[in-house]
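Structure, as structure tokens:
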Amino acid sequence: MSRPILVLSALVSAALVSAPAISDAKTAAAPDSVLNAPNQAQFLQNIVKVTVTAQAYDFSRPWSKRAPNARRAIGTVIDGGRVLVTAECVANATYIELESADGEQKQAARVEYVDYESDLALLRPESAPFLANKAGLKLTTPNVGDQLSVLQLEANGNPLFSTGKMTTAEVVRYPIDDSSFLAGRLSVSLQMRDAAFALPVLKEGKLAGVMLRYDAQSSIMDFIPTAVVDHFLRDASKSPYEGFPRMGCSFSTTRDPQLRKYLKLNGTNGGVLVTQVLKDGPADKAGLRKEDVLLEIAGEPIDSDGNYKDATYGRISLGHLVCTKHFEGDKVRVRLSRNGTSVEAEVPVSRRSPGSYLSEPYVIDKAPNFFILGGLVFQELSRQYLKEFGSDWQRKAPLELLNIDRTQSETDSETRKRVIILTRVLPSDVTVGYEDLRNLVLKSINGEVINDLSDVPKALQKAANGVHRIEFAGDPSLIFIDVKSAEAVGPSLQKSYGLPALNRMN
Amino acid sequence: MEIRCLTPLFLAVTLLSTQSSDAAERSPIRKSLARISNTSQEPNYRQPWLPGTTMSSSGTGWVVSKDRILTNAHVVSNARFLTLEKENDPKKYIAEVEHVAHDCDLAILKVQDASFFQGTEPLDLGNIPEIESEVSVYGYPIGGDRLSVTRGVVSRIDFRPYAHSGIDSHLTIQIDAAINPGNSGGPVLQKGRVVGVAFQGFSGDVAQNVGYMIPTPVIRRFLSDISDGTYDRYMDLSITTYNTLNPAMRQGLGLERDDRGVFVSNVASAGVCFGHLKAGDVILAVDGLPVASDGTLELEGERVQMAEVAERKFKGDSVRMSILRDQKKMDVTVPLPNAWPFQMQANQFDVQPNYLLFGGLLFQPLSRNLLSTVQFQNPRLVYFFEAFVPKEIYKEHPEIVVLTNFLADPINTYLGEFKEGIVEEINGSTIRTLQQASEALSKPSDFYVIKFVGNGRPLVLERTAVEAARERIRDRYGVQQEQYIDASAR
């Protein structure tokens with residue numbers, strides 16, 4: 001999902017050069033209907049400017065961080081003195097500051113809950129008085145066809161409303177790959193001010209959603225609707241935070257009449273074909289199998305495109321029904337057709353944590369682990385690492401690693417928790433001849449199979465004859481490293497390459 | 001990279017300023033040169049049942065024996081009609097390809113009318129010229145119709161990729177004489193002897209005064225290879241090796257401190273060394289020549305990569321190796337019964353595209369030719385192509401059978417998601433080749449269930465629907481033939 005990220009960064013740079021505070025009569029003259037003058041001041045009490053300083057880890061030099069950068073968002077005060085923003089704007093945050101809309105008060109804040117999959121975060125001011133006496137905005141449901149207003153703030157604190165029509169509600173990809181949730185789509189022309197994240201989307205003075213992304217060329221905004229926000233807030237009221245649950249299986253459509261005949265679906269309508277069941281996932285536990293046809297979820301019939309009929313939004317993807325209308329641990333009743341006979345099951349839906357993937361789909365707010373042996377740098381394979389290869393990482397990153405990441409769901413690995421790779425070599429006396437090695441998948445060290453980075457130091461204890469035997473899946477298939485010199489070279493490596501440490505194992 | 005006619009690069013000023021070489025050298029050479037005109041036909045990979053577009057191009061050839069012409073393979077590739085012209089002879093002579101070696105870009109032509117060779121003298125082959133020595137390039141490049149000669153010096157001698165096949169590298173000599181489209185196949189002379197064949201260069205905006213010629217060891221090897229009437233291609237050890245420079249590497253492998261030996265990293269199971277060498281062996285010597293720790297050896301006074309030894313071998317020869325296995329020295333003899341069996345990673349010529357059309361679905365084996373015509377989006381296809389040898393994809397998929405396209409018809413309305421899928425199974429049988437796919441689809445069955453690599457749903461075609469659609473698709477899209485499978489062109 002590089003596109004939305006690109007759009008956002010374009011907005012950031014546009015905001016930097018745009019002259020502030022000259023508001024366009026047309027957009028400013030169309031405020032949200034209830035916001036007449038006295039109401040407006042009260043309303044703005046619930047809006048704060050959010051400035052985030054973020055510093056991401058550099059996954060290609062896992063011991064260091066990148067240069068800090070600043071992001072600006074508009075936060076919405078929610079019941080309970082907390083501020084709602086998107087997760088994207090607080091990713092890898094090092095310092096967060098809240099400022100009242102009129103600019104008179106400032107306060108540092110911390111992230112209380114963050115869910116990168118649904119792209120939502122709740123911030124809490126470091127000290128209580130800041131948001132005291134603020135009621136918080138109420139939530140309302142946006143409907144297709146509604147006129148909605150997007151709120152921005154001028155430099156002087158005046159609100160700038162841009163109004164547009166909600167055209168669609170659809171389950172789409174969110175910024176984190178592999179995460180899809182319901183999004184509202186708004187056709188609205190925005191003149192960006194300095195905040196490019198989390199703009200509130202309002203309906204009659206209530207919060208209808210939070211901006212997810214905006215494409216200036218087509219004037220189309222996707223926003224996170226309150227259905228998703230509400231789920232997040234409910235989860236945030238419990239501890240620990242549980243997040244959006246999944247069924248743990250993949251589906252395919254069954255519109256093709258030839259497929260329907262083959263699946264013996266002749267007498268029925270709709271249904272989706274289960275193409276894959278995640279091992280030990282919720283669907284697996286409930287006994288779902290590949291080639292089952294899912295006809296009903298929680299009493300809702302599923303059509304052959306994988307949609308159900310939502311009371312608010314009409315035909316939308318079953319993903320919304322499963323993830324957003326249910327909570328962790330809910331037992332979701334499903335009806336299946338298996339070889340032409342009807343079967344019922346209860347799926348204990350559950351969130352899949354990114355840590356349970358072989359190659360983590362995202363690593364945010366977390367320092368990458370690494371282990372340096374005499375100049376050989378070992379790291380965990382993650383999509384975050386692959387993304388270091390630039391905006392077209394899907395073509396530039398090493399094919400073998402891309403293939404592991406892409407096909408990880410096809411192979412059940414019983415023991416392998418992580419793929420450990422030799423990412424690069426910091427040349428030293430110990431690594432003579434090995435300078436060109438990079439991005440090799442580690443198989444074993446001293447005969448011990450490596451399933452996890454923590455296996456590396458353990459395996460290094462088993463050296464024989466004064467050398468470490470290191471095997472790779474690729475070329476070269478084997479190298480040796482001298483035990484004593486690898487140990488001895490550590491301090492000088494740290495000194496010459498400026499490494500704060502030789503490993504990080506969290 | 002490759003020199004082909006009709007791609008104007010730089011203008012003819014340098015080309016036309018041909019120097020007058022010494023007359024003694026020039027006259028017999030002029031008579032033994034030919035301009036070759038090739039009317040070729042490109043294979044049609046998008047609609048393989050249709051013939052491809054025809055093109056014309058030209059190059060240079062020279063008399064190599066009493067009745068044969070030598071030129072580049074790329075000058076005569078995909079030829080439908082070849083003619084030769086000599087200087088001061090108005091006639092056009094019809095020629096045909098007798099032998100072609102795409103892996104080293106050389107070809108031998110026969111001429112229908114033997115009178116072509118009246119007054120010609122075969123040119124003698126010389127040796128590798130000295131660096132900095134002068135050479136003259138003869139040929140018919142763009143910029144004029146008559147013979148052109150340019151002169152330059154030998155810049156360097158190196159192992160370089162040959163652009164024609166795209167995957168082979170051999171000894172190459174770089175010269176700074178102007179070499180332009182049309183020069184291809186022409187002789188490069190020094191002291192009256194041929195020291196190379198001009199074959200590739202850079203376009204002017206990449207590098208200037210860089211031209212490459214095929215040196216005589218490569219030409220001689222080609223001539224010996226075809227002396228039995230067939231070209232058997234280069235032999236290849238099909239192993240990957242790694243240096244043993246690191247002291248710990250040497251210690252771990254049990255090597256002495258003598259800077260000898262190269263580590264065998266992987267042995268391709270379809271290659272000649274399989275069963276003779278094992279991953280983990282160390283090669284100490286090849287044919288009695290000691291191998292250094294960086295994988296080079298000294299051959300005829302030059303330090304070259306170990307692979308060079310196999311380069312000089314022919315089908316049926318063998319290679320002797322001294323190796324260290326599990327810290328014990330031993331000798332192995334690796335016979336070379338055949339060249340590397342898979343061709344899909346190379347540019348291929350004079351082949352008709354294989355395909356299979358079923359229910360409007362077009363299946364084709366993945367190849368470099370196909371990839372250069374069709375832009376695929378599926379990253380798995382790229383991976384299968386690139387990992388074909390290193391990850392031994394060929395063990396499961398000697399041919400990677402791809403659903404490349406649809407001839408739109410009601411039968412395949414809902415099948416768009418399968419485009420670019422790699423066929424794994426049809427009606428329960430594993431599919432390894434296009435031939436097997438064809439056989440599986442010709443067995444009558446109520447449903448044809450095609451599974452693709454990955455986790456998608458199966459593609460299902462109903463027999464009655466396929467049968468009903470058959471004539472309709474043939475008529476609508478003008479398909480004369482529903483399949484062409486020639487397994488020899490793998």
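The values are calculated or read from the model by the stated rules, or taken from the named source; none is laboratory data. Being a predicted model, the structure only gives us computed values, none of them experimental. Glycine also receives a Cβ, built like all others from the backbone with ideal geometry; neighbour counts cover every protein chain displayed.
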(message) Residues that are of a type in the set (A, V, I, L, M), part of a strand (DSSP E or B) and touching a residue at least 60 places away in the same chain (Cβ under 8 Å): does segment A:478-494 have at least one?
(response) yes
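Find the strands (runs of 3 or more DSSP E) located wholly in segment A:216-308 whose residues include 3 or more that are among the β-branched types (Val, Ile, Thr) and within 14 Å of another protein chain (Cβ to nearest Cβ), and list them. Spell out the reasoning first.
On the way: elements: A:220-225, A:249-252, A:272-277, A:293-297.
Fully inside segment A:216-308 and qualifying: A:272-277.
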(request) Could you please find all residues in segment B:77-95 being part of a loop (DSSP other than H, G, I, E, B) and surrounded by fewer than 18 Cβ atoms within 10 Å (Cβ to Cβ)? (result) B:Glu87, B:Asn88, B:Asp89, B:Pro90, B:Lys91, B:Lys92
(message) I'm checking my understanding of the structure. Among residues of segment A:77-96 that are surrounded by fewer than 24 Cβ atoms within 10 Å (Cβ to Cβ) and polar (S, T, N, Q), which one is nearest to the chain's Cα centre (by Cα)?
(response) A:Asn92
(request) Just name the residue that is nearest to the other protein chains (Cβ to nearest Cβ) out of those in segment B:356-373 that are under 24 Å from B:Trp340 (Cβ atoms) and assigned to a strand (DSSP E or B). (result) B:Pro365
(message) Of the residues A:Val456, A:Val467, A:Val483, A:Val441, only one is under 21 Å from A:Ser60 (Cβ atoms) and either surrounded by fewer than 18 Cβ atoms within 10 Å (Cβ to Cβ) or within 14 Å of chain B (Cβ to nearest Cβ) (or both); which?
(response) A:Val441
(request) Could you tell me whether A:Val334 is within 30 Å of A:Thr167 (Cα to Cα), buried (at least 21 other Cβ atoms within 10 Å of the Cβ), among the hydrophobic types (A, V, I, L, M, F, W, C) and in the same structural domain as A:Ile302 (by TED's automatic domain parsing)? (result) no
(message) If I ask for residues that are polar (S, T, N, Q), in contact with a helix residue (DSSP H, G or I) (Cβ under 8 Å, 6 or more places away or on another chain) and within 12 Å of another protein chain (Cβ to nearest Cβ), which ones from segment A:408-438 would you list?
(response) A:Ser428
(request) Take B:Arg220 and decide whether it is at pLDDT 90 or above, outside any loop (DSSP other than H, G, I, E, B) and more than 19 Å from the chain's Cα centre (by Cα). (result) no
(request) Take B:Gln112 and decide whether it is touching a strand residue (DSSP E or B) at 6+ places or on another chain (Cβ under 6 Å) and of a type outside the set (D, E, K, R). (result) yes
(message) Can you confirm whether A:Asp392 is within 11 Å of chain B (Cβ to nearest Cβ), at pLDDT below 95 and farther than 28 Å from A:Cys249 by Cβ?
(response) no
(request) Could you please tell me which pairs satisfy a Cβ distance under 9 Å, a separation of 6+ or placement on different chains, a first residue in segment B:243-256 that is more than 7 Å from chain A (Cβ to nearest Cβ) and surrounded by 23 or more Cβ atoms within 10 Å (Cβ to Cβ), and a second residue that is part of a loop (DSSP other than H, G, I, E, B) and among the polar types (S, T, N, Q)? (result) B:Thr244/B:Ser293; B:Arg250/B:Thr244; B:Arg250/B:Ser293
(message) Tally up the residues in segment B:267-286 that are part of a loop (DSSP other than H, G, I, E, B) and either more than 14 Å from chain A (Cβ to nearest Cβ) or in contact (Cβ under 8 Å) with a residue 60 or more places away in the chain (or both), please.
(response) 8
(request) Evaluate segment B:461-479: report whether one residue or more is more than 11 Å from every other protein chain (Cβ to nearest Cβ), surrounded by 14 or more Cβ atoms within 10 Å (Cβ to Cβ) and not in a helix (DSSP H, G or I). (result) yes
(request) Count, please, the residues in segment A:464-489 that happen to be in contact with a strand residue (DSSP E or B) (Cβ under 8 Å, 6 or more places away or on another chain) and small (Gly, Ala, Ser). (result) 5
(request) Return yes when B:Ser269 is of a type in the set (Ser, Thr, Tyr) and within 30 Å of A:Asn446 (Cα to Cα) and no when it is not. (result) yes
(message) Among the residues of segment B:374-393, are any surrounded by 21 or more Cβ atoms within 10 Å (Cβ to Cβ) and away from chain A (no Cβ under 14 Å)?
(response) no
(request) Search segment A:108-145 for residues being surrounded by fewer than 18 Cβ atoms within 10 Å (Cβ to Cβ) and among the acidic types (Asp, Glu), and hand back the single one that is nearest to A:Arg352 (Cα to Cα). (result) A:Glu112
(request) Would you mind finding the one in B:Met330, B:Met321 that is buried (at least 18 other Cβ atoms within 10 Å of the Cβ) and in a strand (DSSP E or B)? (result) B:Met321
(request) Residue by residue through segment A:479-506, note down the ones that are farther than 18 Å from A:Pro427 by Cα and more than 35 Å from the chain's Cα centre (by Cα). (result) none
(request) List every residue pair whose Cβ atoms sit under 6 Å apart, with the two residues 6 or more apart in sequence or on different chains, where the first one lies in segment B:211-223 and is in the same structural domain as B:Val195 (by TED's automatic domain parsing) and over 17 Å from B:Leu109 (Cα atoms) and the second, anywhere, is modelled with pLDDT under 95 and among the hydroxyl-bearing types (Ser, Thr, Tyr). (result) B:Tyr212/B:Thr172
(request) Please name all residue pairs, on different chains or six or more residues apart, with Cβ atoms under 6 Å, provided the first residue is in segment A:184-196 and is over 12 Å from A:Val150 (Cα atoms) and of a type outside the set (Gly, Ala, Ser) and the second residue is at pLDDT below 85 and not in a loop (DSSP other than H, G, I, E, B). (result) A:Asp194/A:Ala15
(request) Please work out which one of (1) more than 30 Å from A:Thr407 (Cα to Cα); (2) of a type in the set (A, V, I, L, M, F, W, C); (3) assigned to a strand (DSSP E or B) is the condition B:Phe349 fails and give its number. (result) (3)
(request) Please name all residue pairs, on different chains or six or more residues apart, with Cβ atoms under 7 Å, provided the first residue is in segment A:53-77 and is closer than 30 Å to A:Leu202 by Cβ and free of Cβ contacts under 8 Å to residues at least 60 places away in the same chain and the second residue is of a type in the set (Val, Ile, Thr) and surrounded by fewer than 20 Cβ atoms within 10 Å (Cβ to Cβ). (result) A:Thr53/A:Thr94; A:Ala54/A:Thr94; A:Ala70/A:Thr51; A:Ala70/A:Thr53
(message) Return the pair list, or none, for Cβ contacts closer than 9 Å from residues in segment A:290-309 that are over 15 Å from A:Lys325 (Cα atoms) and touching a residue at least 60 places away in the same chain (Cβ under 8 Å) to residues that are hydrophobic (A, V, I, L, M, F, W, C) and in a loop (DSSP other than H, G, I, E, B), at least 6 apart or on different chains.
(response) none
(request) Just name the residue that is farthest from the chain's Cα centre (by Cα) out of those in segment B:257-266 that are within 13 Å of another protein chain (Cβ to nearest Cβ), of a type outside the set (A, V, I, L, M, F, W, C) and closer than 18 Å to B:Val332 by Cα. (result) B:Gly261
(request) Considering only residues that are part of a strand (DSSP E or B) and either surrounded by 16 or more Cβ atoms within 10 Å (Cβ to Cβ) or aliphatic (A, V, I, L, M) (or both), look in segment B:291-317 and name the one that is nearest to the other protein chains (Cβ to nearest Cβ). (result) B:Ala292
